[in-house]
Amino acid sequence: MKVVLFDSVEGLGNSGDIVNVADGYARNALIPRKLAAKATPGVVKQAERLRTAWAEKNAEEKAAAEQIASQWANASVDVIARVGKEGKLFGSVGQKDIADALMLATGVEFDRKMIKLKESIRTAGPHSVMVQPHADVDFSVTVDIKEA
């Protein structure tokens, strides 16, 4: 079934894209959640407008992300945590903790999903962390875990 996407769907497409999907996926997942509609001539015209609006919004978001990346690339952020023997943490430091520390340091709000960690940080000391404020923009920040 051909559908027009009203919102970005990971692995499928962006707002305004016309894609072929299985009938059941369209009827049971995309259409009820208002992520897509069946591709009729009227909806296809609407999709063209959505594509241009999405492209403009994406360009603005990318420019803002590039500005943030140029200002804060290779910056250092301190996170205070309880540290036990041999520099191991009681618990761990995750994406939300790092996003909160970045927000305090920069004044810019970072969503935890922007922080790319393979696994939570469990040791004190400096750690390099990737921040991805936009799909096409990423930069590295040093997170220094200090003892409380």
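The values are calculated or read from the model by the stated rules, or taken from the named source; none is laboratory data. This one's a predicted model, so the numbers in the text were calculated from it and none came from an experiment. For neighbour counting, all protein chains shown are included, and Cβ atoms are generated from backbone atoms with ideal geometry for every residue, glycine included.
Would you please name the residue that is surrounded by the most Cβ atoms within 10 Å (Cβ to Cβ), looking only at residues in segment 122-144 that are farther than 17 Å from Lys62 by Cα and without any contact (Cβ under 8 Å) to a residue 40 or more places away in the chain?
Val129
It is to be established whether one or more residues within segment 88-103 are among the acidic types (Asp, Glu) and without any contact (Cβ under 8 Å) to a residue 24 or more places away in the chain.
yes
Restricting the first residue to segment 47-67 and requiring it to be within 19 Å of Met114 (Cβ to Cβ) and at pLDDT 90 or above, which pairs with a second residue that is among the small types (Gly, Ala, Ser) and not in a helix (DSSP H, G or I) meet a Cβ separation below 9 Å and a spacing of at least six or different chains?
Lys62/Ala135
Which of (1) assigned to a helix (DSSP H, G or I); (2) under 25 Å from the mean Cα position of the chain (by Cα) is the odd one out, the single condition Gly42 does not satisfy?
It is condition (2) that Gly42 fails.
Across segment 3-39, what is the number of residues that are acidic (Asp, Glu) and either over 25 Å from His134 (Cβ atoms) or not in a loop (DSSP other than H, G, I, E, B) (or both)?
Residues in segment 3-39 being acidic (Asp, Glu) and either over 25 Å from His134 (Cβ atoms) or not in a loop (DSSP other than H, G, I, E, B) (or both): 1 in total.
Filter segment 115-148 down to residues that are among the basic types (Lys, Arg) and in a strand (DSSP E or B) and give me whichever is nearest to the chain's Cα centre (by Cα).
Among those that are among the basic types (Lys, Arg) and in a strand (DSSP E or B), it is Lys116.
Rundown of residues vs (1) assigned to a helix (DSSP H, G or I); (2) of a type in the set (D, E, K, R); (3) touching a strand residue (DSSP E or B) at 6+ places or on another chain (Cβ under 6 Å), yes/no style:
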| site | (1), (2), (3) |
| --- | --- |
| Arg51 | yes, yes, no |
| Glu66 | yes, yes, yes |
| Val79 | no, no, yes |
| Lys113 | yes, yes, no |
